[in-house]
Every structure is written in structure tokens, then in C-alpha cells.
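The values are calculated or read from the model by the stated rules, or taken from the named source; none is laboratory data. This is a predicted model, so every value here is computed, not measured. When we count neighbours, we look across all protein chains shown, and the Cβ atoms used for this are built from the backbone with ideal geometry, even at glycine.
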Amino acid sequence: MGIVIKGGKIVTAVDSYLADVRIEGEKIVSIGDNLEKPCDEIISAAGCYVLPGGIDTHTHFDLDVGTTVTADNFASGTKAALVGGTTTILDYATQNKGESLKSALLGQHKKSNGVCYCDYGFHMGITDWNDKVSEEMEDMIQEGVTSFKLYMAYKGNLQVDDGVIFKALRRCKEVKGLIGFHCENGDIIDALIKEAKENGNKAPIFHALTRPAKVEREAVARVLNIAELADAPVYIVHLSTKEGLLSILDARKRGNEVYVETCPQYLLLNDSKYGGEDSTSFEGAKYVMSPPLRKEEDQEALWRGLKTGEIITLGTDHCSFNYKGQKELGLIDFSKIPNGAPGVEHRMELLYTYGVLEGRISINEMVALTSTNAAKLFGIFPQKGTIAVGSEADIVVLDPNYSTKITAKKQTQKVDYTPYEGFLQQGKIEHVFLRGSKVVENSRFLEHEPSGKYLVRKPFSGR
């Protein structure tokens, strides 16, 4: 017995065509016409798009930030991912000071094992560099963790210095890994935060004002200069500024191998959400994230970057904290507001509505940005990231003939708000299949035991 998804338009990163898809077990076994066999389950996709399952390159589930823990754990977060058409997430294991990478990875496995509803993998955050950690990078590759992350911000906690960046890049190239960078100048941010608080400026808007666009531009330019010296590739996470993108384009002209991710919030929201400097409203705390929201000119530059292929992945940086009780930890001090916002559930439909339907990108480019490019970059293609015979049957049926508005009351994410409250949603995720099993039907999550698998990813292959 198999499953046949019938009558839909299959969309990959390179083509679109009408055909049926036959699933047996976990794999796509044939694509074409008249694929039904006796006792097959037939799923009508007439008038719908049939897309590869989404891959979110950037989530933070069950993250302890010291003062609180994210509202979404791996169970609620991966369930929300599926409802939104994302069948694979890449989350972050992060080394604590004095901890080995192996211990950090084990801790992340303990949080996620047996509770994930979609498939998952990890990037490894390195915060404490030494010879042992350098050796362990190769161990991580063997464990299927083939990408890493270094922070240029969060002074005194996560931030590493330029010497560490240089050494880690050279080592990562040796072991065939890829390092992603959070690009903000943490030293300058730290000084600006202290100055703002000394002047009595503690409203949410000062989170953005103490992290201006230039601190991203400087950090992007600096890490790319270091990467040029190390002759190593770089992945820039959650790019938020036009100035940062210009630095990337300049480095590419010099021959740098650099890959770029952005997020829906930097395409669809801007710094007007924080209110003015004299605002007494705390609503802006909902949008406190790092990097912060930027200007409209930054949004337009990022959209152009998606269209031209300068930006190749769209993650969410999903890091959810409830407005009540969690964001309120910074009620009288913006620097104590937990950084982050939810987004994993709405990524696909937002990009379809505001990207494809508004003519900013094609639907093939949407597939590339939300699935295929990530699969190729992070070592899971063609297992995932496309609709092809032999690939895993991670499939999304998107019905374009539907319109609603996004609201927190209807979301699956276990958080008390959404930054996209009231946004139009054109089209809906009708059905979702994870490795051949139907997990979402008629836009509703089908209750089942967690069946997400940990992905042992292939080493980075480069351009």
C-alpha cells in the first residue's frame, strides 16, 4: 500500500510541472501519471502546489538564557514547524565556558531525543576555544554536526575574539565544516548599553539604538577579512542590514566564499515597532531580538538580495519568550528583556504571501530559499530539499485558494503572541508528510507520537 498525491503542481528549485507523486514507506518511489495501485491512499492536490518540506536553518528550542527558558521546547517547537510546512529544523547546541563540545552535544541530545515531531540536526556553538576544542571539531563532524557558530556579540558570555575566529576558521576548513557567525560588534554594543542606562534610557527602543546598523556592518566586514586571511568559507546568520550586505558583496568581489541567511522579521518588520524614544509603552519588547529590527531601506535591500541570489537561506531564529512574565523581566531595563521572537510556524506562508504573490521572488526561488539551498549547504541533499525519486517523502501541499489573518490565538507555537499579528496570510499549508507519514491534514496537526529523527549530516563540500 502506498500514498499517491494526485493532480498537484510539483515545484522544485528549478522547475514546476503537473504530475502525481507516489510514496512507499519513507521515500518517493515514482513521479508521473496513473501511479495508483489497489489499496493506495489517494490525496487530491488539485489546484495546489506540491513542495518539498521546509528546512529552517536557525531555531532555538528549550534554550536557557540564564534568567528564563524559551517558551517553546523541542516538542512544541517542532510541532509548530510541521503545521507551518517545515519538516526539518537545525537548532543550536552551545558549549558553556569550560565545557567540552561532546558534553554540549550530549546535553542537546538529552533535550531533544524522543520528543521531536519533525526531523532535526544541530549546529555547534563554540564559546571557549582551546586545543582540546580544536581537536573535538573533527569529532563533531563524525557525529553529523558539520556546522558551527561563533558569536561576535554578547560580551562576557558568548563573544569570542578575532584570534579565536582565525584559528577556528582554519581548523574548520581542515575538518570540512562550515562556521556561521553572529555579526555584531559586542564591545561597542556593551559600551552603548552602559551609556544609555547611565542616561536613564531604559525603554525597549534603546535595545535597537544600542545595536545600530554599523555594528553589524563592522562585524561582517571584519569576519570576512579574517576569513580571507584564513582562506576559509563563512556563513553569515540572520543578516539584517543593507550595509552588512554591501560588505558581503565587496568581499565576494575579492573571492571570499560567503553564504548568507536572513529571516522573515528583517523582511517584513521594521524599527517602527519599538515606538519613539519617549514612548511609555512596553509593547516594543515583543520585537526585542538581536540583531534588532531595521529600516525600510534595509528590508528592500534584503529582498533584492533574495532575488539576486546573494542571500540563499531563510531561517527564523525562532527564540520564543512570552510577553507576560518573560519579556516583562526587562520592564524597567531594556537590557534585561530576553532577546528573541517566535516565527517557525509562519515562515513558509509569509514568504509565499509577501514574496511570491507580491512578485519579489518566484515560487521556485521560494523553494530554494526555504528548503533546497539549506539541504545542499548543510549536507542533507538530496535526502531532503527536493521532490525526486529516491528522496525522502517530506512533502507540503500548499493551497493558494485561501485567505486569512495570522493571530496568536490560532497558532501552535506555545507563546502568548506573534510578531505577525494581523498579517494577511494568502494560501495555507493543507497537508504535510514527514518521511511518507501524514502529519498535518486540513491544516491541523494530526496527534501522534514524536517521530522526528536526528540527522547525521554530510561534511561541508564548498562551492
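Please state which one of K149, K111 is more than 24 Å from S371 (Cα to Cα), under 21 Å from the mean Cα position of the chain (by Cα) and not in a loop (DSSP other than H, G, I, E, B).
Of K149, K111, the one residue that is more than 24 Å from S371 (Cα to Cα), under 21 Å from the mean Cα position of the chain (by Cα) and not in a loop (DSSP other than H, G, I, E, B) is K111.
Being part of a loop (DSSP other than H, G, I, E, B), out of contact with any helix residue (DSSP H, G or I) (no Cβ under 6 Å at 6 or more places or on another chain) and under 19 Å from V344 (Cβ atoms): is that true of A80 here?
No, not satisfied.
Only one residue in D72, D64 is in the same structural domain as D119 (by TED's automatic domain parsing), free of Cβ contacts under 8 Å to residues at least 40 places away in the same chain and charged (D, E, K, R), so which one is that?
D64
Would you mention how many residues in the stretch 243-269 are touching a residue at least 60 places away in the same chain (Cβ under 8 Å) and under 20 Å from the mean Cα position of the chain (by Cα)?
11
Hey, can you tell me all the residues within the stretch 411-442 that are of a type outside the set (D, E), part of a loop (DSSP other than H, G, I, E, B) and crowded, with 16+ Cβ neighbours inside 10 Å?
Q411, T412, Q413, K414, V415, Y417, T418, P419, Y420, F423, R435, G436
Is it true that Y454 is crowded, with 22+ Cβ neighbours inside 10 Å and of a type in the set (F, W, Y)?
No: the conditions fail for Y454.
With respect to the numbered conditions (1) within 19 Å of L269 (Cβ to Cβ); (2) without any contact (Cβ under 8 Å) to a residue 40 or more places away in the chain; (3) among the charged types (D, E, K, R), which one is the sole condition not fulfilled by K327?
If we test K327 against (1) within 19 Å of L269 (Cβ to Cβ); (2) without any contact (Cβ under 8 Å) to a residue 40 or more places away in the chain; (3) among the charged types (D, E, K, R), just (2) comes out false.
Kindly indicate the residue of the stretch 51-73 that is β-branched (V, I, T) and part of a strand (DSSP E or B) and also surrounded by the fewest Cβ atoms within 10 Å (Cβ to Cβ) among those meeting that condition.
The selected residue is V69.
Just for helices (runs of 4 or more DSSP H) wholly inside the stretch 320-402: which have at least 2 residues that are more than 29 Å from D62 (Cβ to Cβ) and either in contact with an Asp or Glu (Cβ under 9 Å, 6 or more places away or on another chain) or at pLDDT 95 or above (or both)?
Because the criterion is at least 2 residues that are more than 29 Å from D62 (Cβ to Cβ) and either in contact with an Asp or Glu (Cβ under 9 Å, 6 or more places away or on another chain) or at pLDDT 95 or above (or both), the helices (runs of 4 or more DSSP H) in the stretch 320-402 that meet it are 363-367.
For the stretch 1-18, give me each residue that is farther than 16 Å from G390 by Cα, in a loop (DSSP other than H, G, I, E, B) and free of Cβ contacts under 8 Å to residues at least 60 places away in the same chain.
Across the stretch 1-18, the qualifying residues are M1, G7.
Matching residues to (1) of a type in the set (G, A, S); (2) buried (at least 18 other Cβ atoms within 10 Å of the Cβ):
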{"position": "E198", "(1), (2)": "no, no"}
{"position": "L229", "(1), (2)": "no, no"}
{"position": "G244", "(1), (2)": "yes, yes"}
{"position": "R252", "(1), (2)": "no, no"}
{"position": "P264", "(1), (2)": "no, yes"}
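In the stretch 402-420, what residues are of a type in the set (D, E, K, R) and over 20 Å from the mean Cα position of the chain (by Cα)?
Scanning the stretch 402-420 gives K405, K409, K410, D416.
Go over the candidates D399, D394 one by one and state the one that is under 21 Å from the mean Cα position of the chain (by Cα) and in contact (Cβ under 8 Å) with a residue 40 or more places away in the chain.
That would be D394, the only listed residue that is under 21 Å from the mean Cα position of the chain (by Cα) and in contact (Cβ under 8 Å) with a residue 40 or more places away in the chain.
Within the stretch 203-215, track down each residue that is crowded, with 17+ Cβ neighbours inside 10 Å and not polar (S, T, N, Q).
A203, P204, I205, F206, H207, A208, L209, R211, P212, A213, V215
Just to be sure before I move on: is V220 without any contact (Cβ under 8 Å) to a residue 40 or more places away in the chain and assigned by TED's automatic domain parsing to the domain that holds L331 in the structure I sent?
yes
Here are some residues: G66, G98, G77, G84. Which one is closer than 27 Å to T407 by Cα and out of contact with any Phe, Trp or Tyr (no Cβ under 7 Å at 6 or more places or on another chain)?
Exactly one residue qualifies, and that residue is G84.
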